[in-house]
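Have a look at the structure below before the remarks.
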Amino acid sequence: MKGTFTYKIDFSEIKLEKEEISSFMGLGLVPEEPFNSMIDTAIELLSNNKNIEGGFTIKPVTNFSAKKGIISVEDKIFETGRMITSFLRNAEYAALFTCTAGYEVEKLSKKFNAEGDIVMSYVVDSTGSMLVEGAMDLVYEKLKTMVSLNNLSVTNRYSPGYCDWLVKDQQNLFSFFPKGFCNVTLSETSLMSPVKSVSGIVGIGKDVKYLGYICDTCKNKTCVYRAKKMYVRH
């Protein structure tokens, strides 16, 4: 099972929930004014975004060691750490992905910041974070459908920078993508551009398990997945 796939995503397809955005901002699930109206405004302003896209490439897993916290995809070794590596146990293939909301979010956020409206700039930035995650959710669902047709299963998706997976592994990850893949580029310091982009890995195999996000064991208190989990619990 191999291949590279890309998808253009319409804003209307994304389930962008105000409660998730509010939770991510640390405001709880029911934002009070003026944040309630400001989130509505941010969503409306970003609804014209035509540059949302994502994709993945599927490659064979060639080595695996939960003890060492590494997983090899073809000739590249990913230092995913013991936790994420254990979640990828039994993976026969890896889907390496990226997804972006384009430059619209940072342009709009910088515009409000330049006008002195720092709070609205922050609201737009936070909304953009949840926007790209919502877009990646759609790409992930497309991957799940494709994999199920081959009688295989998927793990959850994991990204460099979380759960002790070093950000420098972005270099290995992006080495599998064609040039200009999904219009996301990587700097020498492993930062993605546009800023509102995500990347990572999904394990694929007959015996892999979807475990969800175990937020209680994670040290990152501002993680987007934590915000999404709180919303689901509600």
Inset, instruction - Obtain the nm distance between the two label points defined at LYS50 and ASN150 by a simple spin-label model: each point lies 7 Å from its Cα along the Cα-to-C-beta direction. - result: 3.4 nm
Legend entry - Cα centroid separation, the stretch 95-111 to the stretch 56-83 (Å): 27 Å
Inset, instruction - With r as the distance between the Cβ atoms of LYS142 and ASN90 and R0 = 25 Å, compute the FRET efficiency 1/(1 + (r/R0)^6) and round to 0.05. - result: 0.65
Legend entry - Heavy-atom accessible area order for SER86, SER12, largest first, 1.4 Å probe: SER12, SER86
Legend entry - Total charge dipole magnitude, the chain, about the Cα centre, Cβ charges on Lys, Arg, Asp, Glu only, Debye to nearest 20: 960 debye
Legend entry - By accessible area with a 1.4 Å probe, ligands and nucleic acids excluded, highest first: order of LYS67, LYS2, LYS144, LYS179: LYS179, LYS67, LYS2, LYS144
Legend entry - Solvent-accessible area of ILE70 with every protein chain in place, 1.4 Å probe, in Å² to the nearest 10: 30 Å²
Inset, instruction - Could you rank MET83, MET38 by how accessible they are, 1.4 Å probe, largest area first? - result: MET83, MET38
Inset, instruction - Express in nm, to one decimal, how much length is gained between LYS179 and LYS15 on full extension, taking 0.36 nm for each residue of separation and deducting their alpha carbon distance. - result: 56.1 nm
Legend entry - Mean separation of Cα contacts under 8 Å, 6 or more apart, over the residue count of the chain: relative contact order %: 26 percent
Inset, instruction - For LEU191 and ILE77, calculate 0.36 nm times their separation in residues minus their Cα-Cα distance, and state this gained length in nm to one decimal. - result: 39.1 nm
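The values are calculated or read from the model by the stated rules, or taken from the named source; none is laboratory data. Remember, predicted model here, so these are calculated numbers, not experimental data. Cβ sites come from the backbone with ideal geometry, for glycine too, and all protein chains shown count toward neighbours. Note: areas computed on protein heavy atoms with side chains; ligands, DNA, RNA excluded. Shrake-Rupley method; radii C 1.70, N 1.55, O 1.52, S 1.80 Å.
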